C-alpha cells in the first residue's frame, strides 16, 4: 500500500509471518533535481496485527507523524494537518 505525503512516498505494505501482519513503513523522498540523491527511511516492526488493514493504518499514521516532526525540525510547514495527506485508500478506516 503506497501513498504520497508532503513529497514522500510511503510504502506501508505489511509483512505476513506466523499468521500475523507486521506493520512497518518505508519512506522515500525523491528530489525533482536530478543532481540530488533520494532520501530513504525504513522503520520496521512497529507492531503486529491480525488484519492487513490495521497494520497499514498504523504504519501510515506513524509515517505521517514522522514526516511532520521531521519537517517541523527543518522549518517545514507546521500548520498542515494529517487530513491534508494525499492518495490515502478509502478502505483504510480512520481511528
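The values are calculated or read from the model by the stated rules, or taken from the named source; none is laboratory data. In this text the structure is predicted, and so the values were computed from the model without any measurement. Neighbour counts run over all protein chains shown; Cβ positions are idealised from the backbone, glycine included.
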When segment 1-18 is checked residue by residue, the ones that are without any contact (Cβ under 8 Å) to a residue 24 or more places away in the chain and at positive phi are 7, 18
Conditions first: (1) in contact with a strand residue (DSSP E or B) (Cβ under 9 Å, 6 or more places away or on another chain); (2) farther than 15 Å from residue 4 by Cβ. Residue 73 passes all but one, so which condition is the exception?
(1)
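Quick check on residue 88: is it in contact with a strand residue (DSSP E or B) (Cβ under 7 Å, 6 or more places away or on another chain), modelled with pLDDT under 80 and outside any strand (DSSP E or B)? Quick ask: steps written out before the conclusion?
Numbers: in contact with a strand residue (DSSP E or B) (Cβ under 7 Å, 6 or more places away or on another chain): yes; modelled with pLDDT under 80: yes; outside any strand (DSSP E or B): yes.
So residue 88 fits the description; yes.
Among the candidates 71, 11, 45, which residue alone is exposed (fewer than 13 other Cβ atoms within 10 Å of the Cβ), out of contact with any helix residue (DSSP H, G or I) (no Cβ under 6 Å at 6 or more places or on another chain) and at pLDDT 75 or above?
On the way: 71 fails: exposed (fewer than 13 other Cβ atoms within 10 Å of the Cβ); 11 fails: exposed (fewer than 13 other Cβ atoms within 10 Å of the Cβ).
Selected residue: 45, the only one of 71, 11, 45 that is exposed (fewer than 13 other Cβ atoms within 10 Å of the Cβ), out of contact with any helix residue (DSSP H, G or I) (no Cβ under 6 Å at 6 or more places or on another chain) and at pLDDT 75 or above.
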